[in-house]
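Comments concern the structure below.
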Amino acid sequence: MRHRVLLVVVLFLFAAGFAQGATYNVTNPGDTNANGSLRWAINQANANAGADTITFSLSSPYTIQPTGELPAVLGNSTTVDGNSQSGYSGAPLVCIDGRTNFNYGLHVIASNCLIRGLLVTRCNDAAIRLRGEKHRVEGCYVMSNKTAGIRIFMSPNNWVGGTNFATRNVCSSNGQYGIYVSEEGTTNNRIFGNYIGTDPTGRRAQSNLYSGIFFYTCSNNIVGGTNSWERNLISGNHDGVDVYYTSGGVTIQGNFIGTDVTGTNPLPNEGIGVTIGGANNVVGGKDAAARNIISGNKYYGVSLWYDTATGNVIRGNYIGVDTTGVRRCANQNHGIQVANIANNNTIGGTAAGEGNVISGNRENGILISQGAHHNTLYGNLIGLNAAGTAAISNRVWGVRIQGPSNTVGGLAAGTRNVVSGNGAAGIWADSTNACRTLVYGNYVGTDITGSNAVPNGSYGIDVSDAANCQIGTSGGGGNLVSGHANAAGIQVSTAVPSATGNVIRCNYVGTDASGRFAIPNYVGIS
């Protein structure tokens, strides 16, 4: 009986030992299934049920050049550890070179895997493709691949990046995207601490030719965060971040988008900093740590695009200025564009810190294009520095509205926009399509205190050909429109008989916020 029990114990221990993780060391750069090759190591890890580790002990130049597709990583909790290579000091040494035209450098289908410290380049599709869930990709350079650096497909709960220099990924020079995140079920992914579209110093562009990060039909993912080490640098690409057809939203916080690593010098995305074509996304936040710097881009800072762009919130960002909030770092077109039937979005917010600084841009601060409707602007500084005391002008209009039923300001505390110091009019309801524009409770042509003139270049508020607009209302909704010494505070004009039914009431026009001291316009109301 004792021998039978001993045999059972031995068999149990043997089975338990077999399931334990093993280490497979890659010493052979050749593409064979012989001991020591990467292909052999992946196959061994797939065959073993334990949490296995693949390490590297290659000779210089540390390059593995497979002649065909490597096996997918199928073993849960597998680590592929490029940091283990002798001589590693923070930048990858081990290179997987896909020049022989296979699709993926590493295709991870299991769960809970860690990929770190690798240079993966010249693959026919993506350098690293993640399926399964709960993977981590850190400290990798994924560069010069045909489509994407990292592709996350039907895969939730992954981390791309990390908390320090050694865990930063550099995702640059790829033929389409730095990181591509797609399909339903791809949720709760975090992309943080990476350089996307730049070189490893964060000072020179190495463009991903489409987007730095592209989200498509997925939800509830996070780009960046509220700790400084979570910041992504997303610059030098065509577009910075593109978000399309999301339902549950993407949160974009704490990033530099269009600047260099210092946040003070432009390193432009050639197109748009952030494009939103989905629903319920958040760009920024009310705390300073959640602020994105979206500046220096060659087209718009932010674009809300098409009728799928609804329920989005853009708050607490610097758009067109640098990280100090006092120096221009212009987006070369509009700061924010709301276009193509985009609707029910909020730019700014009512709580302290939720307003954006939208200043210094080469065209308008905000353009609401034809068809875009029921969008709301709260609590923003438009044409001013972050303190609200001096002009950093948007070159043309502060807010140009071409769509119907949009609102600038409100009745409640915190809804006030300060729209001052811009090159042309502060707020322009432009054409018959801008009917039913509501402008309530704003300071136009003064500083944030309402005590000093910071004039716009022409009118304070201009209603051209639009009908049924309201400029001010009772209950605390009057505007302060002052300081325009060379133009009218408020103008209503028409080229066709359509500027009818407009209401101007309860405003202070030509005074300070107290109504006791003059800050004159050339004409009060024209």
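With 0.36 nm allotted per residue and the present C-alpha distance subtracted, the Ala91-Phe165 stretch has 25.7 nm of extension available. Summing Lys and Arg as +1 and Asp and Glu as -1 over all other residues whose Cβ lies under 13 Å from the Cβ of Val399 gives a net charge of -2. Per residue, the chain reaches -1500 deg cm²/dmol at 222 nm when only DSSP H runs of four or more residues are counted, each adding -39500 (n - 2.57).
Could you give the length gained by full extension between Asp287 and Ala518, i.e. 0.36 nm per residue of separation minus their alpha carbon distance, to one decimal place?
Result for the pair: 79.6 nm of gain on full extension.
For a straight C-alpha distance cut-off of 24 angstrom, no lysines are reachable from Lys298 once same-chain residues fewer than eight places away are disregarded. Packing-based ranking of 230-241, 366-377, 446-457 yields 230-241, 366-377, 446-457, ordered from highest to lowest mean Cβ neighbour count within 10 Å. Projecting the Cα positions of Leu233, Gly365, Leu93 onto the charge dipole of the chain (unit charges on Cβ atoms of Lys, Arg, Asp and Glu, taken about the Cα centre) puts Leu93 furthest along the positive direction.
The local environment of Gly477, defined by Cβ-Cβ distances under 13 Å, has a net charge of +2 under the rule Lys, Arg +1 and Asp, Glu -1. Once the dipole of the chain is set up with Lys and Arg at +1 and Asp and Glu at -1 on Cβ about the Cα centre, which of Ala45, Ala309, Asn333 lies farthest towards its positive end? Checked the options; the winner is Ala45. With the convex hull constructed from alpha-carbon coordinates only, the chain shows a mean projected area of 28.1 nm² over all directions. Mean separation of Cα pairs under 8 Å and 6 or more residues apart, divided by the residue count, gives the chain a relative contact order of 6 percent. Each principal axis of the Cα cloud of segment 269-309 was taken in turn, and the coordinate range along them, longest first, works out to 30, 26, 8 Å. Taking label points 7 Å from Cα along the Cα-to-Cβ direction, Thr226 and Asn486 give a separation of 4.4 nm. How far is helix 2-19 tilted, in degrees, relative to the longest principal axis of the Cα atoms in the chain, given as a value from 0 to 90 rounded to the nearest 10? Helix 2-19 sits roughly 50 degrees off the main axis of the chain. Partners of Lys286 within straight-line reach, counting aspartates and glutamates whose Cα lies under 12 Å from its Cα and excluding those fewer than 8 residues away in the same chain: Glu354. Note the angle between two axes, namely the Cα long axis of helix 38-47 and the longest principal axis of the Cα atoms of the chain, as a number of degrees from 0 to 90, rounded to the nearest 10. Value to nearest ten degrees: 80. Taking Cα centre as origin and charging only the Cβ of basic (Lys, Arg, +1) and acidic (Asp, Glu, -1) residues, the dipole magnitude of the chain rounds to 620 debye.
No value in this document is a laboratory result; all are computed from the given coordinates. Computed from a prediction, not measured in an experiment: that's the story for all the values here. Glycine gets a Cβ as well: all are built from the backbone with ideal geometry, and neighbour counts include every protein chain shown.
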